[in-house]
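To start, the structure under review is shown below, and the notes come after it.
Each reported figure results from applying straightforward, stated rules to the coordinates on display, with no laboratory input. Owing to the predicted nature of the structure, the values given are computational and were not obtained by experimental measurement. Counting neighbours? That spans all protein chains shown, and the Cβs are built from the backbone with ideal geometry, glycine included.
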Amino acid sequence: MTHRDPAAAVNGAPPPSFTDHLARHHPGLLPSARQLGTAGPGSAAAAAPQATTIVSLTYAGGVLMAGDRRATMGNMIASRHIKKVFPADTYSVVGIAGTAGLAVDMIRLFQVELEHYDKIEGTPMSLDGKSNRLAAMVRSNLPLALQGLAVVPLFAGYDTERHLGRLFSYDVTGGRYEEYEFHSVGSGSVFARGALKKLWQPGLDEEQAVAVAVEALYDAADDDSATGGPDLVRQLWPVVYVVNSAGHREIPERELQMTARNLVERRSVAGRES
Amino acid sequence: MSAAPLPGGRADHDPAVLCIARTANEGPGGFRPERIARGRSVVVLTCRDGIALVAENPSPSLHKLGEIYDRIGFAAVGKYNEFESLRQAGVRYADVRGYSYSREDVSARGLASVYAQSLGSVFTTEGKPFEVELAVAEVGAEPYADHLYRLTFDGSIADESNFVVMGGQAEVVREALARTWNQDTGFPEAVRTAVAALSATRGRPEQTSGSGVNVNGDGSSGYGGSEAAAGEPERLGAGLLEVAVLDRSPLSSRGTVRAFRRINTVELDRLLSGPEGN
């Protein structure tokens, strides 16, 4: 690449974005490069596992994200072990609802995108920058979303400039919306959000926030068949991440087991419909 | 020009390659290998805790050391624009590979061989070869699994053990390091050893003018500690150094798979003044 004009060379410099690099040199590796051909709308969705409910909420000093462990394919349970919340980098996490295969690929690309920028530029991307990059990835998936293979992420992170936890939701067209207090996505999101409305309050500490998230997912599983509740037989608990000024941290299974068991016990003792 | 200051001018070097280097040196392309040989030095050395990368570099933002991938680091001397573009290309190569295969499938050997091919093809086909010398380091789970590769402007690649020295007066630094290097040291001791070896080039009568220019250009504030004893070269201070490490077990110590970590000036100052404080 020889530029006679230095100004043209500046514009022609390789981008710090990994996705742009793939698009230019390895387009086949991009998740959005997949083509379905002429499949009719909706027909693909029944053939692919769908990931379900994710909840996210802010608490004193940070933000939390939790996801259940179920993936469904039509009326079948495709997986009881799937993880739908992932660390994106040190200060952010991302959860996914929708077509599991595409979503997991998108997360992997997003993780490399953030790390790549960090290494090329020598400085981490801002939280708004990260949320915008994710929006671009969701937007590039729009053709597949229209054929029934939608991916809807939820993004949460600690803003190291403003010193607070923030969360962002997306729609299939790549629309990015900052959410306050709490939000949920996926098939059980309506029920989870209803629970969060009653359970969330300002200034929750970390332990309370984990309990609220687990209970919201429990309520979602109660009414949505595609959302999995705590599995006492197989010892499966939701995946929960907290992000604060120290970075992200996965809540250990032992703590989640305690939280889930306490919740089930309390509900059993009450012996009520709700 | 004698063979010694040439980056490729080591005893074990293929004489045929040296020949080509001399031809290129006299060529019309503007290639000046002495620019590499006159620059400030970089040391990469293995130790018990991992691999330490130490560069004499007064700039806090124009790095000579960089992260390539989980366990792979990069060090360079020569022209900044050239080695920086090679570093970025290396990051792209590693990220594409790790994304399309798996994170474990990215190795320093693969990267070093890509670098060697690209430096070699530039050397033979372009008007001017890259005026750089690179080191690619991969930290293993155990010291015997560490890999150090040294690449020169003509695409020659050398698999080094224990340590790599590049840049100006590399021979002086290499001699000093050969005497003091020890496998069983932690990072603080390894960095101090490297800094002492880099400082060996200072205060020598024949190099006084060369290093004096560097120091005056930066101001005298870069020096740490008190005036060195007579005969001992003055030790480089934290302000004139760039230091990074590749942790042997980053997952247990920092909860990440990325082994590369920069040591900031404050931490470096504390680390360098360590033994005197005792």
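Measure up A:84/B:64; A:84/A:119; A:83/B:64; A:130/B:128 against 32 Å on the Cα-Cα distance and list the ones that go over. Kindly include the intermediate steps, with their values, before the conclusion.
Values: A:84/B:64 39 Å; A:84/A:119 26 Å; A:83/B:64 39 Å; A:130/B:128 39 Å.
Beyond 32 Å between Cα atoms: A:84/B:64; A:83/B:64; A:130/B:128.
The calculated 222 nm mean residue ellipticity attributable to helices in chain A amounts to -11500 deg cm²/dmol, summing -39500 (n - 2.57) over DSSP H runs of n ≥ 4 and dividing by all residues. Report, in whole Å, the centroid distance computed from the Cα atoms of region B:135-184 and region A:103-122. Using only Cα atoms, the two centres lie 31 Å from each other. Annotation for residue B:160 and residue A:126: the two label points, set 7 Å from Cα along the Cα-Cβ direction, are 4.1 nm apart. Label chain A by shape, choosing from rounded, prolate and oblate, from the square roots a ≥ b ≥ c of the eigenvalues of the Cα gyration tensor; if a/c is under 1.5 it is rounded, and otherwise prolate applies when a/b is larger than b/c, oblate when it is not. Note, shape of chain A comes out oblate.
Taking only the alpha carbons of region B:149-189, we obtain Rg and Dmax values of 12.0, 35 Å in that order. When region B:28-137 is described by a simple charge dipole with +1 on each Lys and Arg Cβ and -1 on each Asp and Glu Cβ, the residue from B:89, B:76, B:102 located farthest towards its positive end is B:76. Working note: Karplus 6.51/-1.76/1.60 with θ = phi - 60° gives region B:161-176 the couplings 10, 6, 7, 10, 10, 9, x, x, 6, 4, 5, 4, 5, 5, 4, 5 Hz, where Gly and Pro are set to x. By definition, a body whose alpha carbon gyration tensor gives a ≥ b ≥ c is oblate when a/c is 1.5 or more and a/b is not larger than b/c, and region A:189-250 fits this oblate description. PRE reach from residue B:59 (point 7 Å along Cα→Cβ): which of region B:66-102 fall under 19 Å by backbone N? Hits in region B:66-102 for residue B:59 at 19 Å: B:66-68, B:74-91.
Would you mind getting me the FRET efficiency between residue A:108 and residue B:179? Use the beta-carbon distance for r and R0 = 56 Å, nearest 0.05. Present the calculation step by step, with values, prior to reporting the outcome.
Values: r = 48 Å, r/R0 = 0.85.
So the FRET efficiency works out to roughly 0.75.
Taking a spot 7 Å from the Cα of residue A:266 along the direction of its beta carbon, which residues of region A:184-215 have an amide N less than 12 Å from it? Correct set: A:199-200, A:208-215.
Put simply, the C-alpha atoms of region A:96-245 give a gyration tensor, and the ellipsoid matching it has half-axes of 26, 21, 14 Å, longest first.
Express in % the proportion of alpha carbon pairs of region A:113-168 at distances exceeding 18 Å. Walk me through the numbers on the way to the answer.
Details: 683 of 1540 pairs.
Value for region A:113-168 (Cα pairs over 18 Å): 44 percent.
Converting phi to 3J(HN,Hα) with the Karplus coefficients 6.51, -1.76 and 1.60 and the offset θ = phi - 60°, region A:6-18 yields x, 5, 5, 5, 4, 5, x, 4, x, x, x, 8, 5 Hz in sequence order, with x at every glycine or proline. Once the C-beta distance of residue B:48 and residue A:250 is scaled by a Förster radius of 22 Å, the resulting FRET efficiency is 0.15 to the nearest 0.05.
With a simple spin-label model that places each label point 7 Å from the Cα along the Cα-to-Cβ direction, the separation between residue B:125 and residue A:222 comes to 6.8 nm.
Count the net charge of all other residues whose Cβ sits under 14 Å from the Cβ of residue B:255, scoring Lys and Arg as +1 and Asp and Glu as -1.
On the way: positive: A:249, B:254, B:258, B:261; negative: A:89, A:250, B:70, B:247.
Counting the neighbours of residue B:255, the net charge comes to 0.
The residue A:146 and residue A:25 beta-carbon pair, evaluated with R₀ = 30 Å, returns a calculated FRET efficiency of approximately 0.65.
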